[in-house]
Amino acid sequence: MKKADLIINENFNNLNLILQEKPSLSSKVVLGVHKGGSTMLHSFIRVYSEGLRGSSKKFCAYNIPSMLFQGGVTDEEFDDLSTIPKLIIAKKAACFYGWRQIPISFLRFKHRLARLKAVCLIRDPKDCAVSAYYSFLKTHRLPKDQTTKAAQNIIQQRKIWAEKSTDEYVLANIKRFAQELYRVTAFAHPSLRIYKYEDVWLNKRWFFQDIIRHLELPYVESSFENAMNKVDIKPGTDKNEHVRKGSPGDHKEKLTQSTITMIDNDYRSLFDLYGY
């Protein structure tokens, strides 16, 4: 049995109890893209669900990606795990969150996952790539166990790109951020509501309320306000801080026009779909 399967089996036996308590409820799925506001999105789900513990309107939220990555599972291993979509489809009355990229395994199970309510937050890949340059190379926290393959990969990447410019990094990495948007396009279905970071970054209250409505999660005002206060962080302008700026179009200040034009030409059909 794979390491990821062992971790899942150890942590999700209690879902059988949830299934017995609320057999009529279906699972919910919360998705995002790297450096596209996903930390804010997933933090809200976590804090909001924790605030409802002990309430008659509680719901259970599980961050499977975080659990597996902390256990040493690599991005490549995680991307292809069919165990995860099977678990989400089989279990009920739970909200599964934490994804910063739609896994390949989700695409194989798209028609069955399309029965479940889901949301996805996206962002202009150019802004995502610029944010990654500052985040991954300067402020992104390493895993606690730095001997794992995942931690070593991050350390190695920092060494390679430490002396490179923002333009060089973005040109070398834009493909994977565009690929995440391609996956969103491939996974799109009637039950998936897609939000653009550019539309919600100054409208977080509406954004989170709409997510609760779409996913049909229980609503408790006091818990909602508490979650809002904790995740509505006001960005600064210090490029060395993890929450640096946050405003859409930041790539226009950080990249040369020639780099922007090159990227836009390479991904014009994809960007046109989302107004980027």
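For the stretch 164-193, the set of residues classified as open to solvent by 60 Å² or more (accessible area, probe 1.4 Å) and within 17 Å of Gly37 (Cβ to Cβ) consists of Arg193 only. Among the numbered conditions (1) assigned to a strand (DSSP E or B); (2) touching a residue at least 40 places away in the same chain (Cβ under 8 Å), the only one that Ala61 does not meet is (2). Using the structure shown, decide if Tyr97 is modelled with pLDDT under 95 and open to solvent by less than 50 Å² (accessible area, probe 1.4 Å). In short, no. Only one of the numbered conditions (1) modelled with pLDDT of 90 or more; (2) of a type in the set (Gly, Ala, Ser); (3) on the phi > 0 side of the Ramachandran plot; (4) not in a strand (DSSP E or B) is violated by Ser131, and that is (3). Every condition in (1) on the phi < 0 side of the Ramachandran plot; (2) at pLDDT 90 or above; (3) not β-branched (Val, Ile, Thr) holds for Gly236 except the one numbered (2).
Would you call Glu10 open to solvent by 70 Å² or more (accessible area, probe 1.4 Å), in a helix (DSSP H, G or I) and at pLDDT 75 or above? Break it down stepwise before answering.
Details: open to solvent by 70 Å² or more (accessible area, probe 1.4 Å): yes; in a helix (DSSP H, G or I): yes; at pLDDT 75 or above: no.
When the stated conditions are applied, Glu10 does not pass them.
The residues of the stretch 68-81 that are open to solvent by less than 40 Å² (accessible area, probe 1.4 Å) and on the phi < 0 side of the Ramachandran plot, listed by number, are Leu68, Gly71, Val73, Thr74, Phe78, Asp79, Leu81. For residues in the stretch 249-269 being without any contact (Cβ under 8 Å) to a residue 12 or more places away in the chain and not acidic (Asp, Glu), which is least open to solvent (accessible area, probe 1.4 Å)? So the residue we want is Thr261.
The values are calculated or read from the model by the stated rules, or taken from the named source; none is laboratory data. Quantities reported herein were computed from a predicted structural model and do not represent experimental measurements. Methodologically, a virtual Cβ is constructed for each residue, glycine included, from the backbone with ideal geometry; neighbour enumeration extends over all protein chains shown. Accessible surface is based on the protein model in full, side chains and every heavy atom, while ligands, DNA and RNA are left aside. Shrake-Rupley method; radii C 1.70, N 1.55, O 1.52, S 1.80 Å.
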